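Heads up, the thing below is written out as structure tokens.
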Amino acid sequence: MTARPKLAPEQQMTIEEFLAFTDTRPEEERWELIEGVPVLKPSPIDYHQMIVSNIVAYLIAHKRRTRAAWLPMLGVGTRVPVSPRSLPQPDVFVKEGAATGRPVTDDALVLFEVLSRSNTRVDQAWRRRVYASVPNCQHYVTVSLKTTEVVAYDRASNWHERAVASLDEQLALPALGLAIPLADIYRWTPLGQSDTQ
């Protein structure tokens with residue numbers, strides 16, 4: 001998200017207007033509504049998508065083993081109460097219960113962002129603030145593409161930063177009852193160990 005002038009409320013798009021707008025756009029475009037402004041997300045690189053796939057695959061395997069009540073999904077627009085004219089779309093989110101068939105959710109136990117060039121410090125700070133306002137969100141996690149580093153912000157610690165930076169370590173997510181090894185998050189990317197598993 002790049003810095004842009006803040007629009008007056010009457011110029012900002014509502015979530016309903018945004019959803020009507022995105023219905024007219026090609027399926028492959030990824031849009032977010034940020035402070036009333038529709039923002040086209042750049043196409044992610046393959047390493048980004050590999051990490052997203054690794055996270056979802058790990059979560060699905062854990063859910064199958066444990067029959068957990070939550071459901072991991074690729075990003076869906078997430079309502080953020082502190083910014084009612086925003087609908088950010090995390091890369092991965094974990095919700096309680098079943099899928100709803102809607103393009104928007106109010107429910108997110110854990111939100112993951114794989115950081116790319118478009119995720120500036122301003123954008124990251126904004127996302128930390130707005131995701132913390134999602135009532136049942138327990139963890140907001142960022143995954144770096146530049147170095148082996150995963151950072152979690154947890155409701156239980158008042159959203160203080162908790163970094164994990166070694167492939168030998170695990171990212172604990174108590175709300176899900178699991179810990180994801182960083183080696184699994186970064187598997188098949190230049191930051192992960194070379195393997196064919």
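Miscellaneous remarks
- Rounded Å value of the spacing that divides the Cα centres of the stretch 99-122 and the stretch 24-44: 13
- Amide H contacts for Leu178 (H built 1.01 Å from N in the peptide plane; partners 5 or more residues away or on another chain; cut-off under 5 Å): Leu173.
- Of the residues Val130, Val92, Ala57, the one whose Cα sits farthest towards the positive end of the charge dipole of the chain is Val130 (charges of +1 on Lys and Arg Cβ, -1 on Asp and Glu Cβ, taken about the Cα centre).
- Of the trypsin sites (Lys or Arg not before Pro) found in the stretch 36-77, those that fall in a DSSP loop while having at most 13 other beta-carbon atoms within 10 Å are Arg67.
- Partners for Lys63 among aspartates and glutamates (Cα-Cα distance below 17 Å; same-chain residues under 8 apart left out): Glu96, Asp184
- Close amide-amide hydrogen proximity is noted between Cys137 and Ala108, each under 5 Å apart and 5 or more residues distant or on a separate chain (H modeled in the peptide plane; Pro and chain starts excluded).
- For the stretch 120-133, backbone phi angles converted through the Karplus equation (6.51, -1.76, 1.60; θ = phi - 60°) give residue-by-residue couplings of 6, 4, 4, 4, 4, 5, 4, 5, 4, 5, 6, 5, 5, 7 Hz, Gly and Pro being listed as x.
- Of the trypsin sites (Lys or Arg not before Pro) found in the stretch 97-197, those that fall in a DSSP loop while having at most 13 other beta-carbon atoms within 10 Å are Arg117, Lys146.
- Karplus 3J(HN,Hα) series, Hz, for the stretch 83-100 with 6.51 cos²θ - 1.76 cosθ + 1.60 (x for Gly, Pro): 9, x, 10, 10, 9, x, 10, x, 5, 9, 9, 10, 10, 7, x, 9, 5, 10
- The phi-based Karplus calculation (6.51 cos²θ - 1.76 cosθ + 1.60; θ = phi - 60°) puts the 3J(HN,Hα) values of the stretch 22-31 at 5, 5, 8, 8, x, 4, 6, 6, 10, 10 Hz, whole numbers, x for Gly and Pro.
- Descending by average beta-carbon neighbour count within 10 Å, the peptides 45-55, 85-95 line up as 85-95, 45-55, the highest first.
- Alpha carbon Rg of the chain, scaled by the compact-globule rule 2.2 N^0.38 Å: 1.01
- Taking amide H as placed 1.01 Å from N in the peptide plane, Trp31 has its amide H under 5 Å from the amide H of Lys41, each at least 5 places away in sequence or on another chain.
- Projecting the Cα atoms of Gly101, Ala179, Leu167 onto the charge dipole of the chain, computed from C-beta unit charges around the Cα centre, puts Ala179 farthest toward the positive end.
- Debye log10 I(q)/I(0) at q = 0.21 Å⁻¹ for the stretch 54-165, Cα point scatterers: -1.26
- By the Cα gyration tensor, the stretch 9-90 has an equivalent ellipsoid whose semi-axes, rounded to whole angstrom, run 29, 16, 10 from largest to smallest.
- Between Gly77, His139, Tyr47, the Cα set farthest toward the positive side of the dipole of the chain (charges on each charged residue's Cβ, about the Cα centre) is that of His139.
- Peptide ranges 16-26, 71-81 listed from the most packed, as the mean C-beta count within 10 angstrom indicates: 71-81, 16-26
- Diffusion coefficient (Stokes-Einstein, Kirkwood radius over C-alpha pairs, 20 °C, 1.002 mPa s) for the stretch 102-150: 183 µm²/s, rounded to a whole number.
The numbers here are math on the coordinates, done by the rules we state, and not lab data. Quick caveat, the model's predicted, so the values are computed rather than measured. Note: ideal-geometry Cβ built from the backbone for every residue, glycine included; neighbour counts use all protein chains shown.
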